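Student: Can you read through this structure? Questions will come right after.
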Amino acid sequence: MKCPFCGRLGDKVVDSRESKEGEVIRRRRECQDCGRRFTSYERIDEIPYMVVKKDGSRERFDRQKVTAGMLRACEKRPVSVAAVEAIADRVETILQERSEKEIPTDEVGAFVMQELKRLDKVAYVRFASVYRHFRDIGEFMTELRDLLDTKE
């Protein structure tokens, strides 16, 4: 860390304290050249993950939106909130493991549908009906037939 007084590199940490929320670490440092003390703060640098919507616009990834959509689909179903949170965790993990910091919403939706299909078929159909914007009952019935034909 560069000393704010003499500009030299080289210091030692005299004291470290975590904030009450645990989001920041405060460090008291002492310059090894001039001997003066100064304070530095460390916080995790959040990398904004962006989703690319169907119209090409971009917005920040919002875990709450994904979770809320799944919770609506799982309403009155034997699906725990913990299971929904676990799916949201896996979506975030996928984002963090990608080299690019953008992901199309259709990839997020497809992943969520795949996870819901394993978890609860009714929740899957509910989510798919909103996400895929079925134009008529025929498309909806085709999806149901495909679901009934698979033996997962």
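Student: List every residue pair whose Cβ atoms sit under 7 Å apart, with the two residues 6 or more apart in sequence or on different chains, where the first one lies in segment 38-55 and is part of a strand (DSSP E or B) and the second, anywhere, is of a type in the set (S, T, Y).
Tutor: As it stands, the answer is V51/T105; V52/T105, since those pairs meet every condition given.
Student: Got a number for residues in segment 67-125 being closer than 29 Å to R145 by Cβ, assigned to a helix (DSSP H, G or I) and in contact (Cβ under 8 Å) with a residue 12 or more places away in the chain?
Tutor: Number satisfying all stated conditions: 27.
Student: Quick check, is E30 acidic (D, E) and modelled with pLDDT of 95 or more?
Tutor: Working: acidic (D, E): yes; modelled with pLDDT of 95 or more: yes.
Yes.
Student: Still on this structure: Read through the list (1) outside the structural domain of E18 (by TED's automatic domain parsing); (2) surrounded by 12 or more Cβ atoms within 10 Å (Cβ to Cβ), then give the number of the only condition that E75 fails.
Tutor: So the condition that E75 fails would be (2).
Student: Going through E143, E139, E107 one at a time, which residue ends up being over 30 Å from R17 (Cα atoms), of a type in the set (D, E) and modelled with pLDDT of 85 or more? Steps first, please.
Tutor: On the way: E143 fails: modelled with pLDDT of 85 or more; E139 fails: modelled with pLDDT of 85 or more.
Of the residues listed, the single one that is over 30 Å from R17 (Cα atoms), of a type in the set (D, E) and modelled with pLDDT of 85 or more is E107.
Student: I would also like to ask the following. Please state which of the following conditions E30 fails to meet, knowing it meets all the rest: (1) outside any loop (DSSP other than H, G, I, E, B); (2) over 15 Å from the mean Cα position of the chain (by Cα); (3) within 30 Å of R118 (Cβ to Cβ).
Tutor: Condition (3) is where E30 drops out.
Student: Okay, next question. How many residues are surrounded by 11 or more Cβ atoms within 10 Å (Cβ to Cβ), under 30 Å from K101 (Cβ atoms) and not β-branched (V, I, T) when one looks only at segment 1-52?
Tutor: Counting residues in segment 1-52 that are surrounded by 11 or more Cβ atoms within 10 Å (Cβ to Cβ), under 30 Å from K101 (Cβ atoms) and not β-branched (V, I, T) gives 10.
The values are calculated or read from the model by the stated rules, or taken from the named source; none is laboratory data. From a predicted model like this one, the values you see are computed outputs, not experimental measurements. Heads up, the Cβs are rebuilt from the backbone with ideal geometry, glycines too, and the neighbour counts pull from every protein chain shown.
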